[in-house]
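The values are calculated or read from the model by the stated rules, or taken from the named source; none is laboratory data. Predicted, not measured: the structure shown is a model, and the values here were computed from it. Backbone-built Cβ (ideal geometry, glycine too); neighbour counts: all protein chains shown.
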Amino acid sequence: MASTTPDPLPSARPPDEPRSGTVSPFFDPEPPHWAARGLAYLLIGLFAVVLTGATLVRLPEAVSCPFVLLPIHGTDPVRATRSGEVGDVRILQAASVTAGAALFTIRSSDVGGRSAELHTLEAALHGDEQHVDNARREHASQTLADEQEARRLDQRLAYLAGAIERERNQVALTAQVVERYDMAYQKGFTSLVDYLSRRAEANRTAMELAQFITEQNETRTAQEKLRHEASARDAKFAETDRGLAEERERTGIRIAALRQELSHSVSDELTVPAPCAGTVLRLAVKAAGAYVHEGDVLCEIACSGERLQAELTIPESGVGRIKSGQGVKLLYDAFPYQRYGIKYGTVRWVSPSSNAAPEGRGFRTLADIESDSVQVDRQPRPLVAGMGGTARVVVGRRSIISAAFAPLRELQEAFADAADAAPHGNDRQRGHDD
């Protein structure tokens, strides 16, 4: 039987190796030389552009801080006119108020005492007026009585004058009769009885004349006395009226002062009104029950109609680079800048010392605003005092590469030794280490 010889095995070759005369289904693992060179040039050019841009392009550097709009001539502080306990707070911060509107009520014992004094003085003034009225009526009644008495005395004097005149005539007539009876008696024409009777009648007439004269003198004396008494009563009434008038004037002046002082109070409760129409910027007393002293600031009001300025509170970390003339970006909370845009201003003044602020200590800075209104739905809406937001003061520009190397500088400063900055300190530090 003939032996069969197997065919020789095919030569070993990689499975991915294409057979001669055939095309491989995969890309060539070796890219073309021009593609690698082009990619390298692109990366080098891109790095050069980025490096040039980072060196030449300078970004604005700003200090951010809060701000609030205030009148350029300042605010009107509302102070407590009396010490006491706050009974009611009728306003809120940033609220609009009208002139004369009640802002606070204060219960004060001092106000209660002055109110009681006012009532006492008013009662005393009313009593003085009644006293004056009574004195005037009494004086008028006495004057009327004196006038009636004076008329009676005048009539009595007139009657006595007539009576005296008649009695004098009667005395003269009786004297003649007695003289004739005396002659007739001497000649024996009449009796002694008739003569004595006529003589007695003459004596009686003379006595009546003397009585009328005496009564006339007494009446004149009464008239003089009445005039003196009336003059004395008039002087006394005038002095009493003058004294009461002075007392009423003093009481009236004091009452007017107390009424002016207590014009916004009822009993022991004092109302603090708004000095002008405007906006409440700061509210020092926010709830009832607080005790305030006379002169304490209760709130601050910015009167409407005044030009506004921005008051910035610069933090201590950025005040060293703030100066007058720098630009300010104003981002109002009431008008978000994403929709209404950014408003601008200019730094006018920087405080030389720090002040206490709600966010911490800061430096007060004033900036002039370029626009006093914001366009809302194509209508200008005026800015009002009390509006605030975030301010960004542009303090300079720095390159992008400088900002990129900032962490390295911070790291360098963190590892720097204080002795490296002072040559003499190096020796002291070296000696200490030894």
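Could you check how many residues of segment 108-141 are of a type in the set (S, T, N, Q), touching a residue at least 60 places away in the same chain (Cβ under 8 Å) and assigned to a helix (DSSP H, G or I)? It would help to see each step written out before you state the result.
Applying the first criterion (of a type in the set (S, T, N, Q)) to segment 108-141 yields 108-109, 115, 120, 130, 134, 141.
From the residues that got through so far, the ones that are touching a residue at least 60 places away in the same chain (Cβ under 8 Å) too are 108-109, 115.
Next cut, assigned to a helix (DSSP H, G or I) only: 109, 115.
Count: 2.
For Arg254, are the conditions met, namely being under 30 Å from Glu85 (Cβ atoms), of a type in the set (D, E, K, R) and surrounded by 14 or more Cβ atoms within 10 Å (Cβ to Cβ)?
Working: under 30 Å from Glu85 (Cβ atoms): yes; of a type in the set (D, E, K, R): yes; surrounded by 14 or more Cβ atoms within 10 Å (Cβ to Cβ): yes.
It is true that Arg254 is under 30 Å from Glu85 (Cβ atoms), of a type in the set (D, E, K, R) and surrounded by 14 or more Cβ atoms within 10 Å (Cβ to Cβ).
Residue check: is Thr190 surrounded by 14 or more Cβ atoms within 10 Å (Cβ to Cβ), in a helix (DSSP H, G or I) and assigned by TED's automatic domain parsing to the domain that holds Ser231? Show your work before the answer.
Numbers: surrounded by 14 or more Cβ atoms within 10 Å (Cβ to Cβ): yes; in a helix (DSSP H, G or I): no; assigned by TED's automatic domain parsing to the domain that holds Ser231: yes.
The answer is no for Thr190.
Can you name the residue in segment 111-159 that is surrounded by 14 or more Cβ atoms within 10 Å (Cβ to Cβ) and among the small types (Gly, Ala, Ser) and, of all such residues, is farthest from Ala222 (Cα to Cα)?
Gly112
If Gly74 passes every condition in (1) touching a residue at least 12 places away in the same chain (Cβ under 8 Å); (2) closer than 30 Å to Lys343 by Cα but one, which one does it miss?
(1)
Quick check on my filter: what residues within segment 321-340 are surrounded by 14 or more Cβ atoms within 10 Å (Cβ to Cβ) and part of a loop (DSSP other than H, G, I, E, B)?
Across segment 321-340, the qualifying residues are Ile322, Gln326, Ala334, Phe335.
If you take the residues in segment 295-335 that are more than 24 Å from Pro352 (Cβ to Cβ) and small (Gly, Ala, Ser), which one is farthest from the chain's Cα centre (by Cα)?
Ala334
Being at pLDDT 90 or above and in a strand (DSSP E or B) is the filter here, so list the residues in segment 282-303 that pass it.
Correct list: Tyr291, Val292, Val297, Leu298, Cys299.
Give me the pairs: first residue in segment 319-337 and within 16 Å of Arg348 (Cβ to Cβ), second residue assigned to a loop (DSSP other than H, G, I, E, B) and of a type outside the set (Gly, Ala, Ser), beta-carbon distance under 8 Å, and six or more apart or on different chains, which are they?
Within 8 Å, the pairs are Lys329/Ile342; Leu330/Ile342.
Here is a list of conditions, (1) assigned by TED's automatic domain parsing to the domain that holds Leu312; (2) free of Cβ contacts under 8 Å to residues at least 24 places away in the same chain, and Ala99 meets all of them except one; can you say which number that is?
Going through (1) assigned by TED's automatic domain parsing to the domain that holds Leu312; (2) free of Cβ contacts under 8 Å to residues at least 24 places away in the same chain one by one, Ala99 breaks only (2).
In segment 166-185, which residue that is free of Cβ contacts under 8 Å to residues at least 12 places away in the same chain and polar (S, T, N, Q) is nearest to Glu208 (Cα to Cα)? Break it down into steps so the answer makes sense when it comes.
Of the residues in segment 166-185, the ones free of Cβ contacts under 8 Å to residues at least 12 places away in the same chain are 166, 169, 172-173, 176, 179-180, 183-185.
If we keep only those that are polar (S, T, N, Q) as well, we get 169, 176.
Working: Asn169: 12, Gln176: 17 Å.
Among residues in segment 166-185 that are free of Cβ contacts under 8 Å to residues at least 12 places away in the same chain and polar (S, T, N, Q), the one nearest to Glu208 (Cα to Cα) is Asn169.
For Glu215, are the conditions met, namely being surrounded by fewer than 15 Cβ atoms within 10 Å (Cβ to Cβ) and either free of Cβ contacts under 8 Å to residues at least 12 places away in the same chain or assigned by TED's automatic domain parsing to the domain that holds Gln176 (or both)?
When the stated conditions are applied, Glu215 does not pass them.
Among the candidates Gly252, Gly278, which residue alone is farther than 30 Å from Glu122 by Cα and small (Gly, Ala, Ser)?
None of the others qualify; the one that does is Gly278.
Scanning for something farther than 30 Å from Glu61 by Cα, in a loop (DSSP other than H, G, I, E, B) and in the same structural domain as Thr81 (by TED's automatic domain parsing), does segment 305-315 turn up at least one residue?
Initial filter on segment 305-315 (farther than 30 Å from Glu61 by Cα): 305-306.
In the following step, the residues that additionally are in a loop (DSSP other than H, G, I, E, B) were identified as 305-306.
Retained after the next criterion (residues that are in the same structural domain as Thr81 (by TED's automatic domain parsing)): 305-306.
Yes; the residues of segment 305-315 include at least one that is farther than 30 Å from Glu61 by Cα, in a loop (DSSP other than H, G, I, E, B) and in the same structural domain as Thr81 (by TED's automatic domain parsing).
Determine which member of the set Thr190, Thr221 is farther than 30 Å from Arg152 by Cβ, over 60 Å from the mean Cα position of the chain (by Cα) and polar (S, T, N, Q).
Values: Thr221 fails: farther than 30 Å from Arg152 by Cβ.
Among Thr190, Thr221, only Thr190 is farther than 30 Å from Arg152 by Cβ, over 60 Å from the mean Cα position of the chain (by Cα) and polar (S, T, N, Q).
Any residue that is closer than 18 Å to Arg90 by Cα and either at pLDDT below 90 or not assigned by TED's automatic domain parsing to the domain that holds Arg137 (or both) - is there at least one of those in segment 252-264? Lay out the reasoning, then the answer.
Taking segment 252-264 and keeping what is closer than 18 Å to Arg90 by Cα, we get 264.
Those still in the list that are either at pLDDT below 90 or not assigned by TED's automatic domain parsing to the domain that holds Arg137 (or both) too: 264.
Looking through segment 252-264, at least one residue is closer than 18 Å to Arg90 by Cα and either at pLDDT below 90 or not assigned by TED's automatic domain parsing to the domain that holds Arg137 (or both).
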